[in-house]
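K.L.:
One structure, pasted below without further comment.
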Amino acid sequence: MRWFIRLVTLLAIILLLEFYAFQALKTVSKSKILKYFWIFTSIGAYLNFFYVALTYDRSQGQTPQFQMAMGVMLTVLIPKIVILLVLFGEDIYRWIVKAISVLSPEETKALPSRRKFIAQLALGLAAIPFAGFIYGIVQGKYNYKVLKYQLAFKDLPDAFDGYTITQISDIHSGSFTNKEKIQYGVDLINQQKSDLILFTGDIVNNKADEMDNWIAVFDKLEAKEGKYSILGNHDYGDYMDWKNPQDKIDNFQKVKDIHQKIGFDLLLDEHRYLKKDGQQIALLGVENWGKGFNQAGDLDKAAKGVHKHDFKILMTHDPSHWEYRVKEDPFHYHLTLSGHTHGLQMGIEIPGWLKWSPSKYVYKQWAGLYQEADKFINVNRGFGYHAFPGRVGIWPEITVIELKKA
C-alpha cells in the first residue's frame, strides 16, 4: 500500500509540473507540432523510467540502463520545476489583482490573462538546467578537476614537511561505460606524482564483478610511498536483492579482494605507520560508519596501538562520522578524509563566491575542505557517479593535499 501511495503522489507532482509547463508553452507558441513534440517527449521519458524501474532485475542492482532512464526523466522534469516556480508566482499576482477588483466598488474585472513575457522568462530560465543536465550526462561526469590544498600543522614531523597525498573516492565502477574517459582520469591522478594515494570507499555500486573490466585500468595507479584504501557503504552489497545470504557474503569478500588486485592496502579498522627519515605518522582506516547507514566502523579498534601524540590521518567514507564521532574524540585526528556525498552530483560552485547543492541540507560537511579548531576534514566529491548518470556543476574530483610544518 505504501508504494501505491508514493506512486500516486509522484504522478500528482508530475501532472502539476506538466500542467504549468504546458501553460507557458501555449502562451508563447501556437505551433501544434511543437506542442505535440513537447507532450510526446515528456510522456516517453516518464514511461521509459517507470518501465525500467518496474521491470529491471533487482538482483543486478542499479544498472547503467536504469541510471540513464533516471537521467532522462530528470532532464525533462527538473526544468519544469523552474517553470512552475515562475508561473506560480505570476498566478499569485493575478489572483491578488482579481481579489482587489472584487473588493473594489467599481465593476469586477476578469482574471488577468497570463503575460507572454513571463512565460518567455520561465522557458528561458528552464533552458539553463535543461542544457546543464544534457551536458552533465554527456560530458560533465568526466570533467575531472584537480583540487589542491596546502595544510599546515604545528606537530607535523619535520620529515613530512611537503609530503603530498592524492585522495580519490567513490569510483562506482558499475556505472562506467567509457573506458577512454576513465583512463584519462586515472592518468590525471598519476600526473600528480604524489607520495601517497588514498581511496576513501565505494569501489563498486553493489557487485564485485562490476570492477572486472576496470582492474587493468586502476592497477596502473602509482604513488611513491604506497596506496591505501577503505570500504564505503555500497561495497557491502546492501542495495540489491541476493538469492541467498551466502552469495552476499561471498560478494563482500570478492569486493575486498579487488583492492589487493589493484595494488591497494585495504584498511579494515586498522592502521599503518608511514615512516620517513626516522619519523612517522599514523594512517588509520575504518569500515563504513554513517548516520542512518551501516555503522560497521570501529574507530577505537583502528586506533589500538596508536599513540595519542602521533600525527594522525583518518580515512572514513561518510563525513557524518566526523561530525558525530571523530571531531570530538580526545585522541585528536588531525586530518580526516571522506567521500560518500558526491555533492549530490548537481549544484552550483563559483570559487570564492557561491557553493550550493541540495546535499548541504543533509550533510553539514558535504564537499570540499572544512576546519574546526586545528582539525580538518576533506569531503571528496567523488571520481565516479551513481543513480544520476552525470554531473551538473559538481564535477568529479581528484584532491591533492600537501602537508606543511607550521
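K.L.:
Cβ contacts < 9 Å: first residue touching a residue at least 12 places away in the same chain (Cβ under 8 Å), restricted to the stretch 340-362; second residue loosely packed, with under 13 Cβ neighbours inside 10 Å, any location; separation 6+ or different chain. Result?
P.N.:
LEU344/PRO358; MET346/PRO358; GLY347/PRO358; ILE348/LEU354
K.L.:
A further question follows. Inspect the stretch 19-41 for any residue being polar (S, T, N, Q) and under 30 Å from ASN178 (Cβ atoms) and give the result as yes or no.
P.N.:
Yes, some residue in the stretch 19-41 is polar (S, T, N, Q) and under 30 Å from ASN178 (Cβ atoms).
K.L.:
Within the stretch 84-120, count every residue that is under 16 Å from ALA24 (Cβ atoms), in a helix (DSSP H, G or I), of a type in the set (Lys, Arg) and open to solvent by less than 60 Å² (accessible area, probe 1.4 Å).
P.N.:
1
K.L.:
Still on this structure: Cβ contacts < 6 Å: first residue small (Gly, Ala, Ser), restricted to the stretch 217-246; second residue part of a loop (DSSP other than H, G, I, E, B), any location; separation 6+ or different chain. Result?
P.N.:
Pairs that qualify, where the first residue is small (Gly, Ala, Ser) and the partner is part of a loop (DSSP other than H, G, I, E, B), are ALA223/SER194; SER229/PHE264; GLY232/GLY201; GLY232/ASP202; GLY232/ASN288; GLY232/HIS317; GLY237/ASN206.
K.L.:
Report yes if TYR56 is of a type in the set (Phe, Trp, Tyr), at pLDDT below 95 and open to solvent by less than 60 Å² (accessible area, probe 1.4 Å), otherwise no.
P.N.:
Here the answer is yes, as TYR56 does meet what is asked.
K.L.:
Right, something else. Answer yes or no as to whether GLY237 is under 25 Å from the mean Cα position of the chain (by Cα) and closer than 26 Å to THR164 by Cα.
P.N.:
Considered against the rule, which asks whether it is under 25 Å from the mean Cα position of the chain (by Cα) and closer than 26 Å to THR164 by Cα, GLY237 comes out as no.
K.L.:
Any residue in the stretch 18-36 that's part of a helix (DSSP H, G or I): show its pairings with residues that are hydroxyl-bearing (Ser, Thr, Tyr) and open to solvent by 40 Å² or more (accessible area, probe 1.4 Å) at Cβ separation under 7 Å, as long as the two are six or more apart or on different chains.
P.N.:
none
K.L.:
In addition: Could you name every one of the strands (runs of 3 or more DSSP E) located completely within the stretch 322-406 that has at least 2 residues being surrounded by 21 or more Cβ atoms within 10 Å (Cβ to Cβ)?
P.N.:
Because the criterion is at least 2 residues that are surrounded by 21 or more Cβ atoms within 10 Å (Cβ to Cβ), the strands (runs of 3 or more DSSP E) in the stretch 322-406 that meet it are 335-338, 375-379, 397-405.
K.L.:
Next question. Kindly establish whether ILE281 is modelled with pLDDT of 95 or more and in a strand (DSSP E or B).
P.N.:
The answer is yes for ILE281.
K.L.:
Scan the stretch 30-49 residue by residue and report those that are among the hydrophobic types (A, V, I, L, M, F, W, C) and either touching a Ser or Thr at 6+ places or on another chain (Cβ under 8 Å) or surrounded by 15 or more Cβ atoms within 10 Å (Cβ to Cβ) (or both).
P.N.:
Hits for the stretch 30-49 are TRP38, ALA45, PHE49.
K.L.:
Sticking with this one: Starting from the stretch 170-191, keep only residues that are outside any loop (DSSP other than H, G, I, E, B), then list their pairs with residues that are polar (S, T, N, Q) and open to solvent by less than 20 Å² (accessible area, probe 1.4 Å) whose Cβ atoms are within a distance under 8 Å, requiring at least 6 positions of separation or different chains.
P.N.:
Note: pairs meeting the criteria are SER173/ASN205; GLY174/ASN205; GLY174/ASN206; SER175/GLN67; SER175/ASN205; ILE189/THR166.
K.L.:
Just to be sure before I move on: is LEU268 surrounded by fewer than 20 Cβ atoms within 10 Å (Cβ to Cβ), within 27 Å of HIS172 (Cα to Cα), hydrophobic (A, V, I, L, M, F, W, C) and under 26 Å from the mean Cα position of the chain (by Cα) in the structure I sent?
P.N.:
Criteria met by LEU268.
The values are calculated or read from the model by the stated rules, or taken from the named source; none is laboratory data. All values derive from a computational prediction rather than experimental measurement. Every residue, glycine among them, receives a Cβ derived from its backbone with ideal geometry; neighbour counts consider all protein chains shown. Remember, those area values only see protein heavy atoms, side chains included, never the ligands or the DNA or RNA. Shrake-Rupley method; radii C 1.70, N 1.55, O 1.52, S 1.80 Å.
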